[in-house]
Amino acid sequence: MLGGCEPTDDLSPRAVQGVFDMRDHSLSAGETVNLDGEWEFYWDQLLTPDNFISGSSKPEMTGYFLMHRAWNKFNLNGKRLGGTGQATFRLRLLPNRPAGRIHLRLFDIHEAYRLWANGKLIAQSGVPGRSAETEVPGGSLKLAEIEFQSRPVELVLQVSNHHFRIGGVPEPIRIALPGTLETIRARDWGIALFFAGCMLIMGIYHFVLYLFRKRDKAPLYFSLYCLLVVSYSVTSNTSQWVASAILPWWNPVIMENFSLTCFVIWASLLFRFLETLYPNEFHHKLVYFLDAKIVIFFFMMGFAPGVPLYWFIALCLVQMMIYAGYYLHRLLLCVKRGRSGALFLLAGLSSQFFVGLNDTLTHMGIIKSTYLAEPAVCFFVLTQSLALAQRFSASFDSVEHLSLELESKNISLCGEIKERNRLERKVVETSEEERRRISHELHDGLCQQLTGARLRSSALAHKFKDSDDAQTLIDLADLLKESTDDAYKTARGLWPIEHDASMPGPSLNDLLRGIAKSTDINVTFDKQSHCKKCLNPNMTKLYRIAQEALTNAAKHSKAQNIRLTLHCHGNGQVKLSVQDDGIGRKAAGTMHGGLGMSIMAHRAKLINAELRIENDPQGGTVVTCVAPCSVHELSRINQNGNENE
């Protein structure tokens, strides 16, 4: 965690009483040396090299300042200095050779500075001032070149801080041979951009994932969290302000405010992400404190910028550590309960917790370390991606399991439907068989007996025509005749003869004649058959459909004409149509259908027929049923087979 802390047994040279002696130390390629040690310190003075020219009155030195650290730890007259103020640091550098060039690195000096080498301004960030109004802050990474010839190098560093919590030089000033610091900067920026690119790809990927499945908010919160982390990373000191290399025109103050905004907002998105994944383990009301922090931040940015704002940021860091502890506790609970992806998140958040502790203590100046936020956050984002991946994988497995189960149930249901249809057909066939039996019994039994009784009554009436009972016998004969006709009509109505001419029963012609006789409606029949004798097994069901349609038309349509058509052209279909010129379904009050229509639809379904009930544009109703007919096709196949033989 503290891999960036400085070792105490550093053998590099150190400044003593304002002199950094390198005459016994030769810089090697790739080596960097920190200009640590005792620098001359001039508190509350913004001095230039001109103030140190011999012959002029030299400024009064406050003491020796031990680089590198914040000046808050410097004791002046028994009291520690505050975080804000201005000062000048001076150092004489004694190279190990009479002439040459070295490069110097300045990083994260709060909050504005100027650096002169032998009277030449070689680096500047912001504009130092004696107040917040005159100071222009600007955090940056600067590399400068120093040329020396036959004399020591005098460094004069002017620093002011009226915006940040702590002032001074918290990061070491480093020197190296030309090319070394540039290589280190390129490496650090490359690593920073690599981590930022990884998080950016993850953020975009999960945002697109959310667009495909907007019902799940977790990918949305995660993608926004990644984008905010990327934005903060490239615009803050954690990446050495790599954004300034890509967008050099970006104002440092605006960049700093932007990075702070990203830092404050992402905590709320992280909580929402975890709560969405595990709603039973995370307490929703805690997110209100994070949202309130965002509101307070924007208020302070507008009305209390500078030092108060950065103290608030420090409190945000403390709050973040408290919430991190809460997250660890709740994720441990999720792991115990076997929640999907909880173990990945726990591993990532644990590393983030310790790295966050390191960066917080570094930021507050308590320890000397490097910022490790980028790799830690990238690892945390990776574990979050793994958690989401595991969650989606579990969802896919569940969907596949449900699909297999559904497929199995569909197969079972199809079997049940097929069996139910078979039973329904069996019931209908049994019903038709029972109708046929009853029709035969009526025709051969009751009808014959009634006919015999009528003839017997007629004979008796003729025999006793002069008696008083003659009229009674005549009336009895007429009653028996009517009963016989009704019995014959019932027998014919129970069983049609279309498919079996040898059996007694009504044909469609008989059905139409009966309706015309009982209703005085003009009924016509158009029959076109490809076969001389129809052998279609579905004719009985079609007869029942026609019977129901004709009955409905005669009863409800108030029609003057009814037309029945039955066409079979040998194309594998038989078409039955009943058309009337009545008032239509809407006026008749049968738009939604009754029991009769339901029975017709059921019979059509049993023979895989298509039933349509429509309003005729010219008035009336048209009932159409198209049923399959395979008799002609089978006959043609058999005929072709016989010819081939």
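Quick notes
- Restricted to Cα atoms, the chain shows a radius of gyration and a Dmax of 50.6, 176 angstrom.
- Rounded FRET efficiency, nearest 0.05, which uses the C-beta distance separating GLN319 from LEU595 and R0 of 60 Å: 0.25
- Straight Cα distances below 17 angstrom link LYS336 to none of the lysines, with same-chain residues fewer than 8 positions distant left out.
- Pair HIS567, PHE396: separation of 7 Å Cα→Cβ label points (nm): 5.5
- Fully extended contour minus Cα-Cα distance, from SER26 to LYS120, at 0.36 nm per residue: 31.4 nm
- Distance between modelled label sites at THR183 and LYS217, nm, 7 Å Cα→Cβ extension: 5.1
- In nm, spacing of pseudo-spin labels at GLU434 and ALA470 (7 Å Cα→C-beta vector): 4.9
- Cα gyration tensor category, rounded, prolate or oblate, for segment 302-422 with a/c compared to 1.5: prolate
- Dipole of the chain, positive end: most advanced residue of ALA461, ALA267, LEU423 [Cβ charges, Cα centre]: ALA267
- Directionally averaged projected area (convex hull, Cα atoms, segment 508-628), nm²: 7.1
- Cα point-scatterer Debye curve for segment 15-178, base-10 log of I(q)/I(0) at q = 0.09, 0.15 Å⁻¹: -0.28, -0.78
- Cβ charges +1 (Lys, Arg) and -1 (Asp, Glu), total dipole of the chain, debye: 340
- The relative contact order of the chain comes to 8 percent, based on Cα pairs under 8 Å that sit 6 or more residues apart.
- Simple point charges give the picture: +1 on the Cβ of Lys and Arg, -1 on the Cβ of Asp and Glu, and for segment 71-123 a dipole about the Cα centre of about 220 debye.
- MRE, 222 nm, helices only [DSSP H, n ≥ 4, -39500 (n - 2.57), over the chain, to nearest 500]: -17500 deg cm²/dmol
- Oblate is the label for segment 185-339, because a/c, from the alpha-carbon gyration tensor with a ≥ b ≥ c as root eigenvalues, is 1.5 or above and a/b does not exceed b/c.
- Taken over segment 15-178, lysine pairs spaced eight or more positions apart, or on distinct chains, with alpha carbons under 27 Å apart number 5.
- Computed lengthening from LYS73 to LYS142, 0.36 nm per intervening residue step minus Cα-Cα distance: 22.3 nm
- Taking a straight Cα-Cα cut-off under 21 Å and skipping sequence neighbours fewer than 8 places away in the same chain, the lysines within cross-link reach of LYS532 are LYS541, LYS575.
- Multiplying the residue separation of ARG337 and LYS418 by 0.36 nm and subtracting their alpha-carbon distance yields 24.6 nm.
- Karplus (6.51, -1.76, 1.60) ³J(HN,Hα), θ = phi - 60°, over segment 406-412, in Hz, Gly and Pro reported as x: 5, 4, 5, 5, 5, 4, 5
- Antiparallel bridges, percent of DSSP beta bridges restricted to segment 15-178 (to nearest 5): 95
- Given R0 = 45 Å, the distance between the Cβ atoms of ILE411 and HIS329 translates into a calculated FRET efficiency of 0.40.
- About the Cα centre, charge dipole magnitude for segment 185-339 (Lys/Arg +1, Asp/Glu -1 at Cβ), debye: 560
Computed from the coordinates by the stated procedures, all read-outs in this text should not be read as laboratory data. Model, not experiment: these values are computed from the prediction. All Cβ positions, glycine included, derive from the backbone under ideal geometry; neighbour counts span all protein chains shown.
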